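Trainee: The structure follows.
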Amino acid sequence: IGFGPPTALTREIMKKVAFDNFEDGLITEEYLSEEELEEASFLKPSNFVGVVFKDSMSYQLRFHDSIAMASIYMESR
């Protein structure tokens, strides 16, 4: 999983995700910008997932060929 931008809060969130939810841990990589993360995703395997933190309450998940928005503010369908 790649994520960005790297801040104390985003690092803590990703650390918790990696070690609390996966038995063997999870490899995370920091990217300084959304563009850097997007470029890296083209070079990574198809199971690469990017997380772009928009603010302290919202983020976007980036998959190899699509974007999925996630936020606690999104209305339920």
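Trainee: Within the bounds of region 28-45, is there any residue that is assigned to a loop (DSSP other than H, G, I, E, B), in contact (Cβ under 8 Å) with a residue 40 or more places away in the chain and open to solvent by 60 Å² or more (accessible area, probe 1.4 Å)?
Mentor: If we filter region 28-45 for residues that are assigned to a loop (DSSP other than H, G, I, E, B), which is where we start, we get 28, 31-33, 44-45.
Filter once more, keeping what is in contact (Cβ under 8 Å) with a residue 40 or more places away in the chain: 44.
Now narrow it down to the ones that are open to solvent by 60 Å² or more (accessible area, probe 1.4 Å): 44.
Yes: region 28-45 contains one or more residues that are assigned to a loop (DSSP other than H, G, I, E, B), in contact (Cβ under 8 Å) with a residue 40 or more places away in the chain and open to solvent by 60 Å² or more (accessible area, probe 1.4 Å).
Trainee: Out of the residues in region 46-77 meeting the condition of being closer than 18 Å to Ala18 by Cα and at pLDDT below 85, tell me which one is farthest from the chain's Cα centre (by Cα).
Mentor: So the residue we want is Asn47.
Trainee: Next question, about the same structure. Inside region 1-27, can you point out the residues that are touching an Asp or Glu at 6+ places or on another chain (Cβ under 9 Å) and either part of a helix (DSSP H, G or I) or open to solvent by 90 Å² or more (accessible area, probe 1.4 Å) (or both)?
Mentor: If the condition is that a residue be touching an Asp or Glu at 6+ places or on another chain (Cβ under 9 Å) and either part of a helix (DSSP H, G or I) or open to solvent by 90 Å² or more (accessible area, probe 1.4 Å) (or both), then Thr10, Arg11, Met14 are the ones that fit.
The values are calculated or read from the model by the stated rules, or taken from the named source; none is laboratory data. If you're wondering where the values come from, they're calculated on a predicted model, not measured in any experiment. All Cβ positions, glycine included, derive from the backbone under ideal geometry; neighbour counts span all protein chains shown. In case anyone asks, the SASA skips ligands and DNA or RNA and just uses the protein heavy atoms, side chains included. Shrake-Rupley method; radii C 1.70, N 1.55, O 1.52, S 1.80 Å.
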